[in-house]
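Here the structure is laid out as structure tokens; the discussion comes afterwards.
The values are calculated or read from the model by the stated rules, or taken from the named source; none is laboratory data. It should be emphasised that the depicted structure is a prediction, and the values quoted were computed from it without experimental measurement. Quick reminder, even Gly has a Cβ in these numbers, built from the backbone with ideal geometry, and neighbours come from all protein chains shown.
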Amino acid sequence: MEAITRSSGINHFQPVSAHQHQRERQSTAVTGDQHQAAKQTNAQRGNTDELTPKEKKQVQELKKRDREVRQHEQAHKIAAGAYAVSGPSYNFQRGSDGKSYAVGGEVKLDTGPVPNDPEATIRKAQVIRRAALAPQDPSAQDRRVAGQASAMERETRIELRKEQQGETPEGEIQPANSTQGPNTPESVPPGSLINLLA
């Protein structure tokens with residue numbers, strides 16, 4: 001029986017007995033395990049020279065995704081300002097190089113109304129909507145949050161109009177011939193109810 005062995009990078013044929021061939025396979029397996037251990041050590045050090053082309057491609061894709069996720073979440077945080085309850089938190093995936101890469105993330109926002117201050121609630125809703133849509137490519141969840149912020153703003157504006165229509169500052173008398181009083185068509189937005197006085 002003959003087998004090909006490598007010696008100093010030169011291929012040559014040598015007669016090998018079946019017993020010797022089995023020992024060489026075991027030796028090769030140990031060498032393979034040692035190679036894998038060295039590969040993992042190199043990966044932990046960030047050395048990608050030992051990775052296969054497929055593994056290198058995966059690492060490049062993870063690096064790209066990591067950058068995108070971090071930029072996306074940072075855009076939310078910056079736009080949210082004081083309404084960001086926490087900084088970005090990330091979900092990680094370990095690459096073939098042994099490093100962890102961000103593949104998902106979130107920024108928690110305070111999305112509740114401002115108690116007893118509808119105007120502040122409207123401003124807050126606008127900030128939340130801008131924060132949700134701040135990244136270049138908003139996710140479906142981002143769009144849902146933006147929609148909820150728009151709904152909060154709309155509902156608050158309706159409530160504010162109702163309050164303003166029902167209130168008049170103390171001591172102020174509205175002249176009967178005023179052209180722009182609180183209940184004239186020019187001063188009331190379309191779709192609002194108008195109280196007519198006879």
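Of the numbered conditions (1) under 15 Å from the mean Cα position of the chain (by Cα); (2) under 20 Å from GLN148 (Cβ atoms); (3) exposed (fewer than 15 other Cβ atoms within 10 Å of the Cβ), PRO115 satisfies every one except a single condition; which is it?
Unmet condition: (1).
Answer yes or no: is there a residue in segment 88-102 that is part of a helix (DSSP H, G or I) and at pLDDT 95 or above.
Taking segment 88-102 as the starting set, the residues that turn out to be part of a helix (DSSP H, G or I) are none.
No, every residue in segment 88-102 fails to be part of a helix (DSSP H, G or I) and at pLDDT 95 or above.
Among residues belonging to segment 103-137 that are of a type in the set (Gly, Ala, Ser) and assigned to a loop (DSSP other than H, G, I, E, B), point out the one that is nearest to VAL69 (Cα to Cα).
Pass one, segment 103-137, residues of a type in the set (Gly, Ala, Ser): 104-105, 112, 120, 125, 131-132, 134.
In the following step, the residues that additionally are assigned to a loop (DSSP other than H, G, I, E, B) were identified as 112, 134.
Working: GLY112: 26, ALA134: 13 Å.
The extreme case among them is ALA134.
Residues are listed down the side, and each one gets a yes or a no for (1) outside the structural domain of GLU159 (by TED's automatic domain parsing); (2) within 12 Å of the chain's Cα centre (by Cα); (3) more than 19 Å from LEU133 (Cβ to Cβ):
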{"site": "LEU62", "(1), (2), (3)": "no, no, yes"}
{"site": "GLU68", "(1), (2), (3)": "no, yes, no"}
{"site": "GLN74", "(1), (2), (3)": "no, yes, no"}
{"site": "ALA79", "(1), (2), (3)": "no, no, no"}
{"site": "VAL85", "(1), (2), (3)": "no, no, no"}
{"site": "PRO88", "(1), (2), (3)": "no, yes, no"}
{"site": "ARG94", "(1), (2), (3)": "no, no, yes"}
{"site": "SER100", "(1), (2), (3)": "no, no, yes"}
{"site": "GLY105", "(1), (2), (3)": "no, yes, no"}
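Please find, among SER96, SER100, SER150, the residue that is closer than 30 Å to GLU50 by Cα and touching a Lys or Arg at 6+ places or on another chain (Cβ under 7 Å).
None of the other options fit; the residue is SER100.
Restricting to segment 139-154, and then to whatever is farther than 18 Å from ARG70 by Cα and free of Cβ contacts under 8 Å to residues at least 24 places away in the same chain, can you tell me which residue is surrounded by the most Cβ atoms within 10 Å (Cβ to Cβ)? Let's see the steps before the verdict.
Our first condition is that a residue be farther than 18 Å from ARG70 by Cα; within segment 139-154, this holds for 143-154.
With the extra rule that they be free of Cβ contacts under 8 Å to residues at least 24 places away in the same chain, the set shrinks to 143-144, 146-147, 151, 154.
Numbers: ARG143: 12, ARG144: 12, ALA146: 19, GLY147: 12, ALA151: 12, ARG154: 12.
Ranking the candidates gives ALA146 first.
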